[in-house]
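As structure tokens, the structure follows; a few thoughts come after it.
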Amino acid sequence: MILALFAVFAVGLGPPAITVIAPAPVSAPLNARERRIAVICRSEARSGTRVIRRFCTPVEDVARREHDAQEALRAIQSRSPHP
């Protein structure tokens with residue numbers, strides 16, 4: 001593979017062309033009651049299927065869920081007897 005690439009460059013064909021992609025367009029201005037939120041998106045396939053769905057969740061919700069899970073774990077650990 002490396003020898004083939006070297007041969008291509010040696011012959012003078014040069015590297016493959018690089019395509020420049022234009023930057024994303026600026027989104028429309030927000031109305032008075034709207035606000036931008038940061039989201040985390042993940043793709044997930046349910047067990048037994050090949051259909052992939054995309055789930056997007058606001059960052060604040062993810063942080064709140066992590067905090068609630070940590071608090072629940074601490075509560076469970078504090079109730080368990082220590083050996």
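Laboratory data are not the source of any read-out in this text; all were calculated from the coordinates shown. For clarity, every value in this text was computed on a predicted model and none was experimentally measured. Virtual Cβ from ideal backbone geometry, glycine too; neighbours counted across all protein chains shown.
In this rough spin-label picture, where each label sits 7 Å from Cα along the Cβ direction, the Val59-Arg46 distance is 3.1 nm. Distances between placed amide hydrogens fall under 5 Å for Val39 paired with Val59, all partners being 5 or more residues away or on another chain.
Loop-resident GluC sites (Glu not before Pro) (DSSP state other than H, G, I, E or B) in the stretch 29-83 with no more than 13 further Cβ atoms inside 10 Å of their Cβ: Glu34. As a rough footprinting exposure proxy, the listed residues Thr49, Thr57 were ranked by other beta carbons within 10 Å of their own, and the order from fewest upward is Thr49, Thr57.
The value obtained for the stretch 37-83, namely the Cα convex hull volume divided by the number of residues, is 95 Å³ per residue.
Of the trypsin sites (Lys or Arg not before Pro) found in the stretch 38-83, those that fall in a DSSP loop while having at most 15 other beta-carbon atoms within 10 Å are Arg46, Arg50. Remark: spin-label model distance Arg79-Ser27 equals 4.1 nm, labels positioned 7 Å along the Cα→Cβ axis.
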